[in-house]
1. In vacuum, with every alpha carbon of the stretch 83-125 counted as one equal point scatterer, what does the Debye formula give for log10 I(q)/I(0) at q = 0.18, 0.25, 0.26, 0.34 Å⁻¹? Two decimals, please.
2. Starting from the Cα-Cα distance between ILE79 and ARG57, subtract it from 0.36 nm times their residue separation and give me the gain in nm to one decimal.
3. As an exercise, take the mean of 1/r over every pair of distinct alpha carbons in the stretch 1-74, invert it, and state the Kirkwood radius in angstroms.
4. Considering Cα pairs under 8 angstrom that are at least six residues apart, work out the relative contact order of the stretch 72-144 and quote it in whole percent.
5. Between beta-carbons, use under 13 Å as the cut-off and find the net charge around LYS249, counting Lys and Arg +1, Asp and Glu -1.
6. Hey, fewest Cβ within 10 Å first, where do ILE252, ILE131 land in order?
7. Scan around ALA51 for amide H atoms under 5 Å from its own, H built in the peptide plane at 1.01 Å from N, and keep only partners 5 or more places away or cross-chain.
8. Of all GluC sites (Glu not before Pro) in the stretch 135-179, which ones are in loop regions per DSSP and have a Cβ with at most 15 other Cβ atoms within 10 Å?
Amino acid sequence: INSEAQITLPNGTVVTLRQTGTVPWGEQVQLEVVAIQHPGQTAPDPVNRAAFTLTFRVPGWASLGMTLETRNCEVDTSIWPNYLLEHSVSGTWRAGSVVELTLPMPIRRLVCNPLVTNNNGCVALQRGPFIYCVEDADYEQFTVLQLALAHTADISARHDPQLLGGVTLLEAPQGSAVMSAFPIYNPDSVQELPCRDGDDLFPQFGFKGGNSPLTSEPLYVERNVDEWRVPFRAVPYFAWANRNPGAMKVWIPLR
C-alpha cells in the first residue's frame, strides 16, 4: 500500500519514510527515506544523517527467493529472515536512501492434507497473497462443477485493468481445462416436493416443504462420458460473485 509516515527515534530525530510498490499484483516494494529532522531544527536538512534499523515483515508466500537491495546508505548489518520471517537492515541513512524488496510471486499449486478426503486429487492455486478460484462466468455453456485442470497446464498470470476494477488472472491455453459431459447439478431439473408449506422435510439441512430442491437427475447412470477441452481461467477468490450468478470452486480436480 503506497503510504507515508513520520517516525520519531528515541533521541528525538524525526524520520519521514515513504513506501511505494506494485504489491499485491506486482513483486516490487520500495521504502525511501524522504527527510530527516534532528531535535532543535525547524525543518529537515538534506545533509542530515541518522543511524537506525529498518525491519521488514516478510510474508510467508514470499519467504523463499525474496531479495533486498539498498541505495544511498551505509549498511552496517543485514540480517536475513529469522523464524519470525523478519529481515532487519541496520545502517546510517539520509534523505534519498532507498530499500527495494522483491517478493517473488510464482504460481503455486497447493494440495490439501489427505485426511480431508473431499480434496484428494485436487489442487488450489495461489499467486502472491491471493488464493484463486474458478467460476461459471468464465466458462460459457459449462459449469465449473464439471471442470478439471490438466496436469500439463502451463498457467501464466495476466493483469486485466478492466476486469473487476483491475485484477491479475491466472490463465492457460486451449486444452488446459477439461469439461466432462454430465453435470453434477442441473438447475433445470429442480422440482418442488409435494408437501405442505412449512413442513420440516430435512431439518438438518433447513429444507422446508414447498420450496425444497429435489433433482430429477438419476443418482447413477451408464453412459459414455464425453469431454471438451477449453482454455483455463481463474480469478482471485475475493473477486468472485461480482459478475453473473453461477457456481465457484477453489479445489480443482487434476486430470
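Laboratory data are not the source of any read-out in this text; all were calculated from the coordinates shown. Computed from a predicted structure; not experimentally measured. Every residue, glycine as well, gets a Cβ built from its backbone with ideal geometry; the counts of neighbours run over all protein chains shown.
1. After summing over all Cα pairs, the log10 values are -0.76, -0.96, -0.98, -1.18.
2. On the way: separation 22, 0.36 × 22 = 7.92 nm, distance 1.22 nm.
Additional length available on full extension: 6.7 nm.
3. On the way: mean 1/r = 0.0707 Å⁻¹.
Answer for the stretch 1-74: a Kirkwood hydrodynamic radius of 14.1 Å.
4. Numbers: 78 pairs, mean separation 14.1, N = 73.
Over the stretch 72-144, the number comes to 19 percent.
5. -3
6. Working: ILE252 24, ILE131 15.
Ordered by Cβ neighbours within 10 Å, fewest first: ILE131, ILE252.
7. Answer set, sorted by chain and number: TRP93.
8. For GluC sites (Glu not before Pro) across the stretch 135-179 that sit outside H, G, I, E and B with at most 15 neighbouring Cβ atoms in 10 Å, the list reads GLU140.
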